[in-house]
Amino acid sequence: MDDSVDRHIARWRGTAPFDDRVEAVVTRMQFLVKHVSQAKDAALAAVGLQDFEFETLHRLSARGEGGRMTPSELAAELKLSPAGMTGRLDTLEKAGLVRRTRDVEDRRRVDVELTEQGRASWLKAMGLRGEVEADMVGVLGREDQETLAALLKRLLLHVENQDHPQK
């Protein structure tokens with residue numbers, strides 16, 4: 001049975017210089033990434049979050065139960081300017097998803113932490129996203145999933161090592 005990539009390759013065969021196998025692998029990866037991205041967007045919409053809100057909550061959640069970081073730490077992880085981070089935190093705080101608190105010992109230090117509502121929203125979005133991802137990958141058996149994961153890892157390591165050659 002043909003998929004959309006088979007039809008794509010058939011349309012371009014003889015017109016553009018490419019290897020059919022390479023084109024099939026790369027285009028299928030691109031289409032799957034697009035499906036995952038759309039599923040993520042749908043999960044976020046169902047929870048009432050925008051992507052930037054989710055990414056900030058995600059970083060805070062990675063810090064454990066307290067989910068606490070300084071604005072500058074968050075900005076560095078999210079690759080944002082201090083002004084961009086301030087605007088983002090203002091929005092999240094107004095929505096009740098995070099709170100900013102002063103450090104008891106050093107009043108100059110401000111920490112950002114998840115609220116219960118922020119953690120609940122993040123967990124719900126993660127759950128919905130995980131369901132879609134599990135459904136997509138679940139078409140493969142466990143052994144095939146492990147094989148695919150290993151093959152993708154090999155490809156990623158190759159690309160990452162090209163971007164950052166080892167000395």
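General remarks:
- Screening the candidates Arg129, Arg59 for the property of being in contact with a Lys or Arg (Cβ under 6 Å, 6 or more places away or on another chain), outside any loop (DSSP other than H, G, I, E, B) and closer than 25 Å to Ala39 by Cβ yields one hit, Arg129.
- Scanning the stretch 1-47 for residues that are more than 13 Å from the chain's Cα centre (by Cα) and surrounded by 15 or more Cβ atoms within 10 Å (Cβ to Cβ) turns up Val5, His8, Ile9, Glu23, Ala24, Thr27, Arg28, Val47.
- Residue under evaluation Asp135, criteria (1) in a loop (DSSP other than H, G, I, E, B); (2) acidic (Asp, Glu); (3) open to solvent by 100 Å² or more (accessible area, probe 1.4 Å), criterion not met: (1)
To keep it simple, each residue is scored yes or no on (1) in contact with a strand residue (DSSP E or B) (Cβ under 9 Å, 6 or more places away or on another chain); (2) at pLDDT below 90; (3) of a type outside the set (A, V, I, L, M).
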site: Ala39; (1), (2), (3): no, yes, no
site: Phe54; (1), (2), (3): no, no, yes
site: Arg59; (1), (2), (3): yes, no, yes
site: Pro71; (1), (2), (3): yes, no, yes
site: Ser81; (1), (2), (3): no, no, yes
site: Gly96; (1), (2), (3): no, no, yes
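- Pair list, Cβ under 8 Å, 6 or more apart: the stretch 48-72 residue open to solvent by 20 Å² or more (accessible area, probe 1.4 Å), other residue β-branched (Val, Ile, Thr): Arg68/Val112; Pro71/Thr86; Pro71/Val110; Pro71/Val112
The values are calculated or read from the model by the stated rules, or taken from the named source; none is laboratory data. Small disclaimer: the values here were computed from a predicted structure and weren't measured. Neighbour counts are summed over all protein chains in view; Cβ atoms, including those assigned to glycine, are modelled from backbone coordinates with ideal geometry. The protein model used for the area step is the full one, side chains on, heavy atoms only, and it has no ligands, DNA or RNA in it. Shrake-Rupley method; radii C 1.70, N 1.55, O 1.52, S 1.80 Å.
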